[in-house]
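What follows is calculated from the coordinates using simple rules that are stated; it is not laboratory data. Because the structure is predicted, anything quoted here is derived from the model rather than measured. Positions of Cβ are backbone-derived with ideal geometry, glycine not excepted, and every protein chain shown enters the neighbour counts.
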């Protein structure tokens, strides 16, 4: 279990309204007195309140609450979910996602000073730390969404196929000279890319520069499936790289790491599944689904 550390952050999620019958805030689960005294409490006092919040919010039928982890302890918690095989990490927007399942406990987790990486045979995962990164838990033991203030998410939004040059941010050094192409799914909080060192595919992707991704797939989809380039999904602080082969049309996604690029879901324009709405100020970084993520 991740240990709580110093400088416990506030449970406030920006929904500040006291329930008339209980006196607890419908956003953070604290009483008015606890909110007023928060800044003057020591860490033990803050932790004691944090322990009371889940039961209070459940009684109020509140679907979302903050977890008490931040900074390094949040990275430690993420590492625990992977090492202990608790579920699946997902990055991206509905219709353009990468999944990093850890049920088989076959991932190797490496904890750096300010980031965490995990490697399994056909995928890599990286999460960078930030004191502003927060974990929003839904429906008791349901999904957990990592969120960051939108002003801190600096990904450029591409609406068409865009060459990005060598993937210098690749998790494995051996792939940092491979070419990265943003497919252009027009999302502000994430981007879906392909990475390849194959000269033929690089030429085809460069020829598609400036085109909508559906045009790319109509003309070059067969080659992309045949070559199965790495898929790279990035958000403000997270990256999932998938090396598994792309199934043919009508095929079944593998049970291990895989990606989805589905036009019917991308038409919604959503950055995150509607059932997992974050406070307005937050952008999604990654989602943890205990067990198996929804299809």
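Take the Cβ atoms of residue 16 and residue 106, set R0 to 35 Å, and the FRET efficiency comes out at 0.20.
Model label points for residue 55 and residue 177, set 7 angstrom from Cα along the Cα-to-Cβ axis, are 6.1 nm apart.
What order do you get for 21, 228, 253 when you list them from fewest to most C-beta neighbours inside 10 Å?
The order, fewest Cβ neighbours first, is 21, 253, 228.
Helix 213-227 axis versus longest C-alpha principal axis of the chain: approximately 70°, rounded to the nearest ten. In angstrom, the C-alpha Rg and Dmax of the range 1-125 are 17.6, 53.
With a Förster radius of 22 Å applied to the C-beta separation of residue 225 and residue 160, the computed FRET efficiency comes to 0.60.
Would you mind giving the average projected area, over all directions, of the Cα convex hull of the range 190-236 in nm² with one decimal? Don't jump to the answer; show the numbers that get you there.
Values: hull surface 13.6 nm².
For the range 190-236, the mean projected area of the Cα convex hull comes to 3.4 nm².
The translational diffusion coefficient of the range 51-118, from Stokes-Einstein at 25 °C and 0.890 mPa s with a Kirkwood hydrodynamic radius over alpha carbon pairs, comes to 175 µm²/s. Running Debye on the chain with equal point scatterers at the Cα sites and no solvent, what base-10 log of I(q)/I(0) appears at q = 0.08, 0.14, 0.15, 0.16 Å⁻¹? One equal scatterer on each Cα of the chain leads to -0.37, -1.01, -1.14, -1.26. Shape class of the range 61-158 from the Cα gyration tensor (axes a ≥ b ≥ c, square roots of the eigenvalues): rounded, since a/c falls below 1.5.
Could you give log10 I(q)/I(0) at q = 0.09, 0.15, 0.16 Å⁻¹ for the range 124-236, computed by the Debye formula over C-alpha point scatterers of equal weight, without solvent? Log10 I(q)/I(0), no solvent term: -0.29, -0.73, -0.80. In the chain, helical runs assigned H by DSSP with n ≥ 4 each contribute -39500 (n - 2.57); averaged across all residues and rounded to the nearest 500, the mean residue ellipticity at 222 nm is -6500 deg cm²/dmol. Angle of helix 43-59 to the longest C-alpha principal axis of the chain, folded into 0 to 90 degrees and rounded to 10: 80°. Each listed q (0.18 Å⁻¹) maps to a log10 I(q)/I(0) for the range 209-279, found by the Debye formula over equal Cα scatterers with no solvent: -0.94. Per-peptide packing, taken as the mean over residues of other Cβ atoms within 10 Å, places 141-148, 236-243, 66-73, 273-280 in the sequence 236-243, 141-148, 66-73, 273-280 from highest down. Over the range 9-64, Cα pairs under 8 Å with separation of 6+ residues give a relative contact order of 29 percent.
Using Cα-Cα distances under 8 Å and only pairs 6 or more residues apart, what relative contact order does the range 87-295 have, in percent? 33 percent. Across the range 85-205, the relative contact order, built from alpha-carbon pairs under 8 Å that are at least six residues apart, equals 17 percent.
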